[in-house]
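Okay, so here's the structure we're looking at.
The numbers here are math on the coordinates, done by the rules we state, and not lab data. Since the model is a prediction, treat every value here as computed from it, not as a measurement. Cβ sites come from the backbone with ideal geometry, for glycine too, and all protein chains shown count toward neighbours.
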Amino acid sequence: MTTTNTPIITVQQHILEEQKRFPGSSGEFSSLLSAITMGTKMIQAKVRRAGLSDILGEHGDVNVQGEIQQKLDVYSNDILSHFLSLRDSVGVLVSEENEKPIIVHNNLENANYAIVFDPLDGSSNIDVNVSVGTTFSILRRPEGVGMNDAEQWALQPGNKQIAAGYVVYGSSTILVYSVGNGVHGFTLDPSLGAYILSHPNMRMPEQGKYYSVNEAYRDSFPPGYTEYIDRLRKGFLGHKYASRYIGSMVADFHRTLLKGGVFLYPPTESNPDGKLRLLYEANPVAFLAEQAGGMALDGTGRVLDIQPVSIHQRCPLVVGSRVEMEDFEQVMVEAGSTPKSDSF
Ligand code: AHG
Ligand code: MN
Ligand code: MN
């Protein structure tokens, strides 16, 4: 007799079930994800106490992105790199905070995975107690690529991801991940120190009521973007949209996944290719969005089809519900930005 109607399923139990989909995965997969869950539990403990320990503020160095690293960026990067390096199945790590890939094991036969991650997303929000996040993407070493050709492990289109996910450190800490079999969310129970299944089989609503973009850059958006945003504001899709913008991609995407709508980071004057990085920001959320019934485009095509050429390359990102995204696609075709696709 169970003591509760709803089975209490930890993320570890869930992963064991999911990995049965990977014949021969022999537990590597659950071991990988447990490194990520363990690392994010330590990150969240720091995030929750950021004001109390000497963890706020700038670390002082500038990272490969030319951005001043926050102390929590560096801590989060060190923690995740530490736990992932302990896994024999990890060959290569690519982090937003490291200019080059880290070769973890290049002499182990089963070191066949590359983990690509943004250890702390939304860093500018840390000091003002606004939600931040961690993103990750798991890729398998491509056939015929050598153990030391680290960049090639990561330079694969997003449609090759075997898993992706994020943790959002908000009013609660929620892990959302997919191995290509739907999207599932787990809430960290601090009293247990365990991620418990709270959002099984997440589906993005067909349409929402929020759009999310940094309107300060509006004047430099390419043709089509402002027309599209004005269509949402003026009710062309059936109702007038409200605007929500947190400034942490993970938090803005999490809201979009739960409530529907659309999140955009278009090309801007200062970031003509968009600000978000393809490998560890756009690809993970695009994978999850599509798994949940939504869409993710870069203004000319599907994000997951982009063939990366450098590990920190940026791309425009428009991700959200089917209704909003099909309208965006149509507007961009009419603006001449998106080649006519076969979906019309
Ligand atoms: P990161 O902190 O990892 O550098 O990412 C910050 C990104 C993303 O989280 C967010 O959507 C975007 O920066 C916000 O940029 P703006 O402040 O230009 O709107
Ligand atoms: Mn980021
Ligand atoms: Mn970051």
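Among Val90, Ile246, Leu16, which residue has its Cα positioned farthest towards the positive end of the charge dipole of the chain, with +1 placed on the Cβ of Lys and Arg, -1 on the Cβ of Asp and Glu, and the dipole taken about the Cα centre? The listed residue farthest towards the positive side: Leu16.
Note on the chain: helix-only mean residue ellipticity at 222 nm, from DSSP H runs of 4+ residues weighted -39500 (n - 2.57) and normalised by residue number, equals -8000 deg cm²/dmol. Beta bridges per DSSP, both residues in the range 11-201: antiparallel share near 85 percent.
Dipole size of the range 210-334 about its Cα centre, with +1 on Lys/Arg Cβ and -1 on Asp/Glu Cβ: approximately 440 debye, rounded to the nearest 20. Considering all C-alpha pairs of the chain, those separated by over 25 Å amount to 51%.
For the cross-link pairs Lys41/Lys71; Lys240/Lys275; Lys41/Lys275; Lys71/Lys275; Lys46/Lys100, the ones whose C-alpha atoms lie over 19 Å apart are Lys240/Lys275; Lys41/Lys275; Lys71/Lys275; Lys46/Lys100. For the range 253-330 versus the range 75-129, the inter-centroid distance based on Cα atoms is 22 Å. Using the Stokes-Einstein relation with a Kirkwood hydrodynamic radius computed over Cα pairs, the translational diffusion coefficient of the range 167-273 at 4 °C and a viscosity of 1.567 mPa s comes to 83 µm²/s.
Among Ser178, Ser123, Ser191, which one shows the highest mean-square fluctuation when the chain is modelled as a Gaussian network with alpha-carbon springs under 10 Å? Checking each option, the largest mean-square fluctuation is seen for Ser191. Dipole magnitude for the range 41-164: computed about the Cα centre from +1 point charges on Lys and Arg Cβ and -1 point charges on Asp and Glu Cβ, it is near 500 debye. Judged by the gyration tensor of its Cα atoms, with axes a ≥ b ≥ c, the range 11-201 is oblate; a/c meets the 1.5 cut and b/c is at least as large as a/b.
Among beta bridges from DSSP that stay inside the chain, the antiparallel ones total about 85%.
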